[in-house]
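The values are calculated or read from the model by the stated rules, or taken from the named source; none is laboratory data. Here the structure is a predicted model, which is why all the values come from computation and not from measurement. Cβ placement follows ideal geometry from the backbone for every residue including glycine, while neighbour counts extend to all protein chains displayed.
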């Protein structure tokens with residue numbers, strides 16, 4: 001249990017960030033770490049690096065959907081496809097330097113936004129008629145009944161992607177260095 005505790009805390013923190021963001025979409029919508037963790041997790045650790053973000057997303061998706069007024073539906077596939085595209089893109093950044101992973105992560109956030117908003121436009125009957133004008137509406141303002149324009153979600157997603165990718169990349173570099181320093185101090189010197 002003691003070894004699993006950091007992972008459990010990690011999933012809880014991710015979950016809380018999603019729930020708080022869902023409950024305050026006008027100010028904190030999409031300001032969450034999942035996209036960055038999906039991208040960086042895949043780029044740095046492969047498939048095992050996306051397990052914790054996936055668990056947090058699957059646990060919190062029903063809660064955040066209900067908080068935003070959505071029921072359980074096929075709409076779940078929209079962000080799932082966006083995250084899948086982000087993970088696929090991240091696979092091209094395996095073993096890359098942190099700066100390239102950071103830039104790739106920002107590209108992943110753009111891909112996620114374009115995919116999810118385009119799919120919403122394609123499948124939501126309120127975007128009618130299907131035209132470049134309503135696609136532009138889906139990508140910039142969204143539907144008027146939701147109040148918060150979609151560009152706000154894009155802005156917040158880019159801020160979150162940059163912030164959490166930087167934190168995650170720094171942490172994955174700093175923790176091993178700190179561990180190595182502690183190991184060197186713990187070794188007895190040969191006399």
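So which helices (runs of 4 or more DSSP H) stay within the stretch 68-173 end to end and still have 3 or more residues that are within 16 Å of the chain's Cα centre (by Cα) and modelled with pLDDT under 90? Steps first, please.
Working: elements: 77-90, 98-123, 132-140.
Passing ranges, in order: 77-90.
Search the stretch 123-150 for residues that are in contact (Cβ under 8 Å) with a residue 40 or more places away in the chain and pair each with any residue that is assigned to a helix (DSSP H, G or I) when their beta-carbon atoms are under 6 Å apart and the residues are at least 6 apart or on different chains.
That search, which allows pairs on different chains as well, returns 148/25; 148/26.
In the set 18, 48, which member is farther than 19 Å from residue 147 by Cβ, over 13 Å from the mean Cα position of the chain (by Cα) and either modelled with pLDDT under 70 or in a helix (DSSP H, G or I) (or both)?
None of the other options fit; the residue is 48.
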